[in-house]
1. Run down G275, G299, G310 and say which single residue is farther than 27 Å from L482 by Cβ, assigned by TED's automatic domain parsing to the domain that holds E230 and touching a helix residue (DSSP H, G or I) at 6+ places or on another chain (Cβ under 8 Å).
2. Among the residues in the range 70-79, are any surrounded by 11 or more Cβ atoms within 10 Å (Cβ to Cβ) and over 23 Å from N199 (Cα atoms)?
3. Restricting to the range 102-134, name every residue that is assigned to a loop (DSSP other than H, G, I, E, B) and surrounded by fewer than 13 Cβ atoms within 10 Å (Cβ to Cβ).
4. How about the range 6-32: which of its residues are exposed (fewer than 12 other Cβ atoms within 10 Å of the Cβ) and either closer than 14 Å to P363 by Cα or not assigned by TED's automatic domain parsing to the domain that holds L465 (or both)?
5. Which one is nearest to P468 (Cα to Cα), of the residues in the range 1-46 that are of a type in the set (D, E) and not in a helix (DSSP H, G or I)?
6. Residues of the range 312-328 being part of a loop (DSSP other than H, G, I, E, B) and aromatic (F, W, Y), which ones?
7. Pick out, from the range 422-485, the helices (runs of 4 or more DSSP H) lying fully within it that include 2 or more residues that are β-branched (V, I, T) and in the same structural domain as L389 (by TED's automatic domain parsing).
Amino acid sequence: MKTIKTAALVLITLAIGIVLGLWQITPPPVDEASPAYPAYRRMMENIQRLAREPHPAGSEAIARVRAEIIAEIEGMGLTPILEDAVYTPSQIADARVRRYNMTKDEWWAQNHDWVEEYNGIHSVDDWFAMISGADSDGVLRLQNILVKLEARETPSRAEPGPAVLFVSHYDSVSAGPGAGDNMLSVCAMLETIRAQAQNNALRGDLYFLFADGEEDFMLGSLAFVRAHPEFKEKMDVVINLDTRGSRGALLLYETSPKAYALVKAVRSAGARPAGFSLAAAVYARMNNYTDLSMFLNRGYRGLNLAAMEGVENYHRATDTYANLHPATAWHYLQTSLALAEYAANHYSPASLREPSSGAVYFPFLPGRTVLMSDRAAYALCALACVLALAYAGPRIKRGGLRPFFSGVLMGLPALLCAGCAIFFVEASYLFSIPLLLMAVTAFLKKGTIARITARMASGVVTLMLWVPVLYLLWVAMVQPMLISA
């Protein structure tokens with residue numbers, strides 16, 4: 001009977017923990033009663049209209065998309081700024097091989113056999129110009145679209161307001177129409193501009209960059225940062241909206257270093273992306289690039305947001321409006337509107353302009369982000385290890401199989417927690433919080449209701465921490481490998 005009760009409690013704990021864990025990274029449902037719902041309907045109509053066909057950089061299709069984006073902006077009473085960027089075949093090749101950490105000659109030496117055999121091309125410059133969408137002369141012509149909403153100068157402005165740059169790319173790959181990647185972000189930005197266009201009380205400046213050529217190694221954003229060195233000191237934060245799938249929650253998966261103040265501002269804005277310091281730390285160690293990379297490489301502060309479920313549609317013909325999940329689109333719009341509203345009307349930039357600390361953060365319950373400084377994370381690890389060792393030490397010393405096993409069961413997680421704190425503090429919460437709960441539970445008297453309840457609560461909380469991470473690893477790393485295999 002005791003075994004049955006134990007098994008039942010374990011199953012209940014697993015069920016509650018897994019359900020809550022997955023719920024934390026589920027996008028909020030579309031709310032038709034929300035004041036933002038008309039903007040959502042407009043956004044979805046624009047996505048359907050603009051993502052009818054593939055529109056890679058340099059194509060006739062992207063010229064049509066560009067004209068429609070400009071028409072939307074002008075319809076708000078605003079004048080967008082068009083900025084041209086021209087890349088020669090050699091410049092295209094240089095940019096494209098950079099992701100491989102090698103020179104053009106090194107890349108060509110490894111790949112020229114198959115390029116020449118299957119494509120009849122005998123030059124590395126010609127090859128990259130061809131796959132980039134360059135014109136008949138081998139030149140790739142891009143156009144970035146910039147929109148400025150600048151705060152009015154008034155005597156009441158005691159200090160300069162924040163300057164925030166939103167970025168999304170409006171080109172797609174040639175294989176698919178790009179409803180998710182990245183027309184979803186583009187249309188969310190259009191509605192964000194519309195919401196702030198008539199705001200005559202802006203405290204800070206809002207800039208919106210629709211970048212061309214992202215699928216060609218971010219050539220549009222690269223041209224932009226080169227053309228505007230003055231933005232380096234002007235911008236408080238760059239927010240990049242991108243997509244790697246067609247459904248799922250909007251994730252905050254990359255930040256500039258020492259991001260505590262940035263993540264705190266996101267949380268204060270009421271924006272509710274699912275943020276993981278673990279993901280940011282892992283991503284920083286990977287050889288991946290987005291438009292934000294062009295800014296971070298030059299010392300900007302920044303945030304990268306994207307949905308990553310539905311990767312089977314990423315860069316494929318199935319990246320269509322029909323396959324775009326409505327809740328994901330709603331999450332993008334909510335987040336973009338909230339961040340712009342906060343920057344425009346409520347946020348003081350003083351905290352971002354001061355030195356910040358490292359950040360450890362993770363989702364806990366839907367729409368909630370737990371945030372602590374790296375120092376607080378170290379302290380939490382230390383406390384958990386002290387309590388765990390205080391329980392384990394006497395039992396290991398006492399001898400006997402059961403006390404020894406009980407002590408080791410607590411001591412090993414303490415070592416893991418300490419190691420994670422030293423080498424990977426951004427993920428330390430995955431060990432420190434469960435270990436702390438485990439240690440507290442261990443000191444309670446066996447067989448009591450308090451201990452049984454504490455053990456179940458510890459299990460649920462541990463699953464709530466680990467299930468989102470395991471799912472994130474699945475959709476961001478394992479599933480793409482299985483699809484490409």
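1. Numbers: G275 fails: farther than 27 Å from L482 by Cβ; G310 fails: farther than 27 Å from L482 by Cβ.
Of G275, G299, G310, the one residue that is farther than 27 Å from L482 by Cβ, assigned by TED's automatic domain parsing to the domain that holds E230 and touching a helix residue (DSSP H, G or I) at 6+ places or on another chain (Cβ under 8 Å) is G299.
2. No, the conditions are met nowhere in the range 70-79.
3. Going through the range 102-134, the residues assigned to a loop (DSSP other than H, G, I, E, B) turn out to be 102-103, 120-123, 133-134.
The answer is G120, H122.
4. If we filter the range 6-32 for residues that are exposed (fewer than 12 other Cβ atoms within 10 Å of the Cβ), which is where we start, we get 6-8, 11, 29, 32.
P29, E32 - these are the residues of the range 6-32 that are exposed (fewer than 12 other Cβ atoms within 10 Å of the Cβ) and either closer than 14 Å to P363 by Cα or not assigned by TED's automatic domain parsing to the domain that holds L465 (or both).
5. Checking each candidate, the answer is D31.
6. First pass over the range 312-328, keeping only residues part of a loop (DSSP other than H, G, I, E, B): 314-320, 324-325.
The answer is Y314, and nothing else.
7. Values: elements: 429-443, 449-473, 479-484.
Ranges flagged: 429-443, 449-473.
Every residue, every condition in (1) outside the structural domain of N288 (by TED's automatic domain parsing); (2) closer than 19 Å to T255 by Cβ; (3) modelled with pLDDT under 90; (4) buried (at least 24 other Cβ atoms within 10 Å of the Cβ), yes or no:
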position: R203; (1), (2), (3), (4): no, no, yes, no
position: D212; (1), (2), (3), (4): no, no, no, yes
position: D216; (1), (2), (3), (4): no, no, yes, yes
position: V225; (1), (2), (3), (4): no, yes, no, no
position: H228; (1), (2), (3), (4): no, no, no, no
position: F231; (1), (2), (3), (4): no, yes, no, no
position: D242; (1), (2), (3), (4): no, yes, no, no
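The values are calculated or read from the model by the stated rules, or taken from the named source; none is laboratory data. What you see is a predicted model; the values in this text were computed from it and never measured. Cβ atoms come from the backbone with ideal geometry, glycine included; neighbour counts cover every protein chain shown.
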